[in-house]
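Just so it is clear, none of the values below were taken in a lab; they were calculated from the coordinates. Keep in mind that what you see is a predicted model, and the values were worked out from it rather than measured. All Cβ positions, even for glycine, are placed from backbone atoms using ideal geometry, and neighbour counts span all protein chains on display.
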Amino acid sequence: MDPKKSLQNHPLNAAAKKAIADIVASHKDERGPVIVMLHDIQEKLGYIPYEAMKAISDATGVSTAEVYGVVMFYAQFTTQPKGKHVINICLGTACYVKGGQKLIDQATEMTGCPLNGTSPDGMFSIDATRCIGACGLAPVATVDGNVIGDATNGNKLIKAIKMIQEDESKLAAAGASGDPSANA
Ligand code: FES
């Protein structure tokens, strides 16, 4: 697959371009810099745009096709922008047996976000993950990096999503009314 054709649908703003340029410049003299650059760009932007692969290729001499291959190989990298809030739900064996699928059903229904996708309003992404090594807490989800164990008990995941939705509506209302106290 030609990465340029499939990945250039997301125009980058100036801040994202600068972030990519800074990250590439800071690692270009290291050994094996491709993974490190990709890791930093994923962390900074939440995904790896085509422009980043091109910049890495230009700086390292590794072809864009090879950089793309690395991105595709590692599950930690994604070529699609993530939502503002990222929900990961473990579907490893222990979590699956204890209700992981139920968590997915609840989260997708509440957010309108498809599994392994992003909601149309860009607010949420939901991904199914493999075991994250917390099987004793199954079923496990993470919301914006915070681990929620035993997540069906007391509807913990539902409550976490509801809290985000409430906070986001307050922020939106504050933005519409210009009331800065709603951001406090
Ligand atoms: S199976 Fe979910 S944390 Fe291990």
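Odds and ends about this structure:
- Summed over qualifying helices (DSSP H, 4 residues or more, each -39500 (n - 2.57)) and divided by its residue number, the chain shows a 222 nm mean residue ellipticity of -15500 deg cm²/dmol.
- Contact order for the chain, expressed relative to its length and based on alpha carbon pairs under 8 Å spaced 6+ residues apart, stands at 15 percent.
- Overall form of region 3-73 per C-alpha gyration tensor (a/c, 1.5; a/b vs b/c): oblate
- Shape call, region 23-127: gyration tensor on alpha carbons, a/c limit 1.5: prolate
- On Cα atoms only, tilt of 50-60 relative to the major axis of the chain in degrees: 40
- Which of LEU38, LEU45 has the fewest Cβ neighbours within 10 Å, and the rest in rising order: LEU45, LEU38
- Each semi-axis of the equivalent ellipsoid for the chain is √(5λ) with λ an eigenvalue of the Cα gyration tensor; in descending order they amount to 32, 23, 14 Å.
- Order of VAL71, VAL36 - criterion: other Cβ atoms within 10 Å of each residue's Cβ, fewest first: VAL36, VAL71
- Remark: spin-label model distance ASP167-ILE132 equals 1.6 nm, labels positioned 7 Å along the Cα→Cβ axis.
- Altogether, the Stokes-Einstein calculation at 20 °C and 1.002 mPa s, with the Kirkwood radius of region 115-169 over Cα pairs as Rh, returns a diffusion coefficient of 176 µm²/s.
- Antiparallel content of DSSP bridges confined to region 82-144, in %, to 5: 40
- Distance from the Cα centroid of region 95-174 to that of region 63-85 is 22 Å (rounded to whole angstrom).
- 3J(HN,Hα) from dihedral phi, region 11-25, Karplus parametrisation 6.51/-1.76/1.60, rounded to Hz, x for glycine, proline: x, 8, 7, 4, 5, 5, 4, 5, 4, 5, 4, 5, 5, 4, 5
- For region 13-84, GluC sites (Glu not before Pro) are listed when DSSP marks them as loop and at most 14 other Cβ atoms sit within 10 Å of their Cβ; the list is GLU30.
- Listed pairs LYS44/LYS84; LYS102/LYS170; LYS28/LYS84; LYS17/LYS84; LYS28/LYS54 exceeding 22 Å between Cα atoms: LYS102/LYS170; LYS28/LYS84
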